[in-house]
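First comes the structure, then the notes that go with it.
The values are calculated or read from the model by the stated rules, or taken from the named source; none is laboratory data. All of these numbers come straight from a predicted model, not from anything done at the bench. Every residue, glycine among them, receives a Cβ derived from its backbone with ideal geometry; neighbour counts consider all protein chains shown. The protein model used for the area step is the full one, side chains on, heavy atoms only, and it has no ligands, DNA or RNA in it. Shrake-Rupley method; radii C 1.70, N 1.55, O 1.52, S 1.80 Å.
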Amino acid sequence: MDASDGELLLHTGVTGSASRMGHRLTIALRSWQATVDWDGDQPAAVEVTVDLDSLDVVRGEGGMTPLSGAEKAVVRTNALKTLQAKRFPQATFRSSAIDRDGDTLRLVGTLQIAGHSGEQTVDVHVEPDGVRISGEAVVRHSAFGIKQYSMLMGAMKVADEVRVTLAAER
């Protein structure tokens, strides 16, 4: 599965005393690939690789003014710097365990991003037709040694938790 099968999105929040000035962002990752190893009809392992340079700021909600095209470009540049994308151009997730409960899979594994690795859980729902899937995970900047982008001497910064969502058809 890859980006032609669906979308992988990051959803950020804003925190701090000046958080009303900031935008809650939706960022698409335009280049990614997921592979699944099967044991009969059950998934045995999942690996997802994301090219960070494919990061594309889709929209910003809230803020004092609408997010302009120029501001989207600045956000993209800042995000790539924060993720150290020149040095670590990809983020990867590799499952080490998959638990199934009906149509829901809980993947536990290792996320590697910005030169740091840590345990990550991803919940995936498979529609009864077996074709459509959706997934969600919460990634914390602090769990991976990533300093949250901030402005106004820290009065406004990206929230520690970033929600990652996947919607795809295979």
Which numbered condition LYS72 fails, given (1) surrounded by 17 or more Cβ atoms within 10 Å (Cβ to Cβ); (2) in a strand (DSSP E or B): (2)
Matching residues in the stretch 135-170 - criterion: being open to solvent by 50 Å² or more (accessible area, probe 1.4 Å), free of Cβ contacts under 8 Å to residues at least 60 places away in the same chain and in a strand (DSSP E or B): GLU136, VAL138, ARG140
Those residues of the stretch 76-89 which are in a loop (DSSP other than H, G, I, E, B), in contact (Cβ under 8 Å) with a residue 12 or more places away in the chain and open to solvent by 60 Å² or more (accessible area, probe 1.4 Å), in sequence order: GLN84, ARG87, PRO89
Filter result (surrounded by fewer than 13 Cβ atoms within 10 Å (Cβ to Cβ), aliphatic (A, V, I, L, M) and assigned to a loop (DSSP other than H, G, I, E, B)) within the stretch 14-69: MET64
Among the residues listed as GLN112, GLN120, the single one being open to solvent by less than 30 Å² (accessible area, probe 1.4 Å) and either free of Cβ contacts under 8 Å to residues at least 24 places away in the same chain or outside any loop (DSSP other than H, G, I, E, B) (or both): GLN120
Flag for SER96 being outside any strand (DSSP E or B) and either open to solvent by 50 Å² or more (accessible area, probe 1.4 Å) or at pLDDT 95 or above (or both): no
For ASP103: the one exception among (1) more than 19 Å from TRP32 (Cα to Cα); (2) surrounded by 14 or more Cβ atoms within 10 Å (Cβ to Cβ); (3) at pLDDT 90 or above: (2)
Neighbours by Cβ (under 7 Å, 6+ apart or cross-chain): first from the stretch 54-75, at pLDDT 90 or above; second aromatic (Phe, Trp, Tyr): none
Looking only at the stretch 1-53, and only at residues there that are modelled with pLDDT under 95 and of a type in the set (Lys, Arg), the one that is farthest from HIS141 (Cα to Cα): ARG20
